[in-house]
1. Is it the case that some residue within segment 41-49 is surrounded by 19 or more Cβ atoms within 10 Å (Cβ to Cβ) and more than 16 Å from residue 3 (Cβ to Cβ)?
2. If I filter segment 67-76 for residues that are more than 15 Å from the chain's Cα centre (by Cα) and surrounded by fewer than 23 Cβ atoms within 10 Å (Cβ to Cβ), do I get at least one hit?
3. Please specify each residue of segment 113-136 satisfying the condition of being in a loop (DSSP other than H, G, I, E, B) and either under 20 Å from the mean Cα position of the chain (by Cα) or within 17 Å of residue 84 (Cβ to Cβ) (or both).
4. Take the residues in segment 166-199 that are assigned to a loop (DSSP other than H, G, I, E, B) and touching a helix residue (DSSP H, G or I) at 6+ places or on another chain (Cβ under 7 Å); name whichever of them is surrounded by the fewest Cβ atoms within 10 Å (Cβ to Cβ).
5. List the strands (runs of 3 or more DSSP E) inside segment 11-74, counting only whole elements, that have at least 3 residues being under 20 Å from residue 170 (Cα atoms).
6. Which number in (1) more than 16 Å from the chain's Cα centre (by Cα); (2) at pLDDT 90 or above; (3) part of a helix (DSSP H, G or I) marks the one condition that residue 102 misses?
7. If you scan segment 12-40, which residues turn out to be farther than 22 Å from residue 1 by Cβ, crowded, with 20+ Cβ neighbours inside 10 Å and in contact with a helix residue (DSSP H, G or I) (Cβ under 7 Å, 6 or more places away or on another chain)?
8. Among the residues of segment 80-123, what is the count of those that are in contact with a strand residue (DSSP E or B) (Cβ under 9 Å, 6 or more places away or on another chain) and without any contact (Cβ under 8 Å) to a residue 12 or more places away in the chain?
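The values are calculated or read from the model by the stated rules, or taken from the named source; none is laboratory data. This is a predicted model, so every value here is computed, not measured. Cβ placement follows ideal geometry from the backbone for every residue including glycine, while neighbour counts extend to all protein chains displayed.
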């Protein structure tokens, strides 16, 4: 089992990174939270959770251990796969997810694509119990505590931000035309960085 990768970030997008270690490039799936924490870096240590299936071997990467633990806990819930767990952590982030689970906010979980009322209830019941037994979940680090630089490194001109956000959301499985419409609305509302656009779009798609 791969625990972590330490090496050069040869490619970084809002949804994945390529980490080169010893001449081998590893394709690592990321949440928006982790991609933002890694932005602007050329070298990084990425914590890994590997998912092995008959048709694929997937690596999911995390900037800090709290998010990885939440990811593993989410995937232990019936009906929640790795991609859905990544979607939840992209839309909410570790700190917000801990708060949502702690207060039993079904509506916040249902707002995530692919999460229905029954799955949301299962997540709350299963994770409230597990988190209640683990004192380290009294709070989760915010993005500012993960090593991300001051400004959002993904921020750029409207066209570049729109293009990167569009690619990220399409990679997460959303319909391109619907995504384009939502992004245009958000740009009109003054949002400008990729992270802002993706997070806001995930709440509307």
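1. Within segment 41-49, none of the residues are surrounded by 19 or more Cβ atoms within 10 Å (Cβ to Cβ) and more than 16 Å from residue 3 (Cβ to Cβ).
2. Yes, there is a match, as at least one residue in segment 67-76 is more than 15 Å from the chain's Cα centre (by Cα) and surrounded by fewer than 23 Cβ atoms within 10 Å (Cβ to Cβ).
3. Within segment 113-136, 113, 114, 115, 116 qualify.
4. Among those that are assigned to a loop (DSSP other than H, G, I, E, B) and touching a helix residue (DSSP H, G or I) at 6+ places or on another chain (Cβ under 7 Å), it is 192.
5. 16-21, 24-30, 57-62
6. Result: residue 102 passes all but (2).
7. 12, 14, 15, 32, 33, 36, 37
8. Number satisfying all stated conditions: 1.
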